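These notes are about the structure you will find just below.
The values are calculated or read from the model by the stated rules, or taken from the named source; none is laboratory data. Being a predicted model, the structure only gives us computed values, none of them experimental. When we count neighbours, we look across all protein chains shown, and the Cβ atoms used for this are built from the backbone with ideal geometry, even at glycine. When the accessible area is computed, the model is the full protein with side chains, heavy atoms only, and any ligands, DNA or RNA have been set aside. Shrake-Rupley method; radii C 1.70, N 1.55, O 1.52, S 1.80 Å.
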Amino acid sequence: MTPDAVGGAHPVDPRPVIARVRDGGGLDQAGASLIAAGLSDGSLSDAQAGAFAMAVLTRGLSTEGRAALTRAMRDSGHVMRWDLPGAVVDKHSTGGIGDVVSLVLAPVLAACGAYVPMISGRGLGHTGGTLDKLEAIPGYDCDLSEARFRELVRDVGCAIVAASGDLAPADRRLYAIRDEAAAVQSVDLITASILSKKLAAGLDALVLDVKSGSGAFLQSQQEAAELGQALVSTANAAGCRTSALITDMDQPLARAAGNALEVAEAIACLRGAPSALRDLTLALAAEALGLTGRDDALARAAEALDSGRAAEIFARMVVGQSGPADLIDAPQKHLSPAPVIRPVPAPDGFVTRIDGTALGNAVIALGGGRVRAGDAIDHRVGLSDLRRLTEPTEKVLGFVHAASDSDADAAIAAVQAAYRIAPDRPEAGPLLRGHIAQPSADAQSMRQQTRS
Ligand code: URA
């Protein structure tokens, strides 16, 4: 592929680009731009897009090739630019159960002087989605105009919204074709897909939460590390300061799984309750602020939570997105309970293993997640007060919140099957399993970008 082949008056033949990737010759910026443009304007056929995806999956790309594809897919739609007196930062999680970090982290970062234009997604597979959780709040509007999104980020410090149709359109098409062509499981394609959307938000810095364990997409530590390395090297090569934490998903992060129940737990965290959710949120906040040059990041983030400033910002964001003004003070007034709430009985003993994917599937079976895109979800249902690894059961594993008695019976059986109990207490595993740093970037130059 030569650069002069791009941009002529006639549609350019993409086959040399596809053949070069197929033969292991890699992808340059001109080739990546041709593919991304063809994906978004429709001039690349489904067959060509499928062949491209399969060529990448089988032959792989270099860091530069991956960065070229990421940049090209990012630039296939609207890319936001900001002019704010602080760093523009965000987080991406590879997804898990009870992962309600975004609702706490965005206001914590904003309280520390960063600006957080968080563009989030809906539930995927057995994992929940931030937008579904926020829509458990009556009135919460995820579909803001760009002007309103910008206004909230500038005035409040954070907003959490759905992607507009013009965000990385090349990825939307390639993602659907990958699914049909059995070409989803490529680290290169997953990396370009995730980052093209995140980087279109115009970020200065990005922290990644790469989950590993029984409730994660990538269950082994090695797979998680491989994806984390690819994401970190590619995002930095594409010009965004990025690092990753590899974190425990051998159990739900929050004690609840299900939309309204997770919002209630996020509010408890914003009000200062200790939990693994708090610990991970602070670790991610420190990592993100560290990328912007902050040394005292962990203490600042903890202070933002403990002083109530993060809670106040969350409340302003909710009101700014049409939710109720007293959500933080009276969550039970707004978060509807499920009609049936029952305990999950268990033998005495200690929790030695939890199948996180099975718990996620139990929430979907209760109606709290989707089987097909576009399915309606019941925000009230889910699981709460879940026992964590190493804890004594005291004869209960948690509670199911269901729409009917028969749904509750099925969920109780599913939760019981997902837990393993033994007479002896096992060793506790770490919440933080690894750290992948940005490659020798100098964060100092960002120091001035963060408000005091
Ligand atoms: N999430 C994405 O956005 N893209 C992928 O390819 C996988 C997960």
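Overview of results
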| quantity | calculated |
| --- | --- |
| Cα-based helix-to-principal-axis angle, 29-41 vs the chain, degrees rounded to 10 | 70 |
| ASP385 versus ASP424: modelled label distance in nm, points set 7 Å from Cα along the beta carbon direction | 3.0 |
| Hypothetical label at ASP13: residues of segment 42-60 whose amide nitrogen lies under 16 Å (7 Å Cα-Cβ projection) | 44-45, 48 |
| Solvent-accessible area of ASP41 with every protein chain in place, 1.4 Å probe, in Å² to the nearest 10 | 100 |
| Protein-only accessible surface order, largest first, of PHE217, PHE52 at 1.4 Å | PHE217, PHE52 |
| Inter-site label distance for SER43 and SER62 at 7 Å from Cα along Cβ, in nm | 2.7 |
| Label-reachable residues, segment 344-368, where backbone N falls under 20 Å from a point 7 Å from ASP405's Cα toward its Cβ | 344-345, 366-367 |
| ASP83 - accessible surface, heavy atoms, 1.4 Å probe, Å² rounded to 10 | 150 |
| Potential lengthening between LYS395 and LEU432 on full extension [0.36 nm per residue; Cα-Cα distance subtracted] | 10.4 nm |
| Equivalent-ellipsoid semi-axes of segment 336-422, from the Cα gyration tensor, Å, largest first | 23, 14, 9 |
| Listed residues VAL79, VAL153 arranged by accessible area, highest first, probe 1.4 Å | VAL79, VAL153 |
| 29 Å Cα-Cα reach of LYS333 towards lysines, excluding residues that sit fewer than 8 places from it in its own chain | LYS133 |
| Whole-Å distance, taken between Cα centres, linking segment 211-273 and segment 306-375 | 17 |
| Label-point gap, in nm, between GLU223 and GLN185 - each point 7 angstrom along Cα→Cβ | 0.7 |
| Relative contact order (%) - the chain, alpha-carbon pairs under 8 angstrom, separation at least six | 20 |
| Counting DSSP beta bridges with both ends in the chain, the antiparallel % (nearest 5) | 50 |
| Prolate/oblate/rounded label for segment 15-60 (Cα gyration tensor, a/c 1.5) | oblate |
| P(r) tail fraction, the chain - alpha-carbon pairs more than 31 Å apart, % | 42 |
| Theoretical ellipticity at 222 nm over the chain - DSSP helices of four or more residues, -39500 (n - 2.57) apiece, nearest 500 | -13000 deg cm²/dmol |
| Cα shape, segment 296-452, gyration tensor, a/c 1.5 rule | oblate |
| Summed residue charge, Cβ within 15 Å of SER336's Cβ, Lys/Arg positive, Asp/Glu negative | -1 |
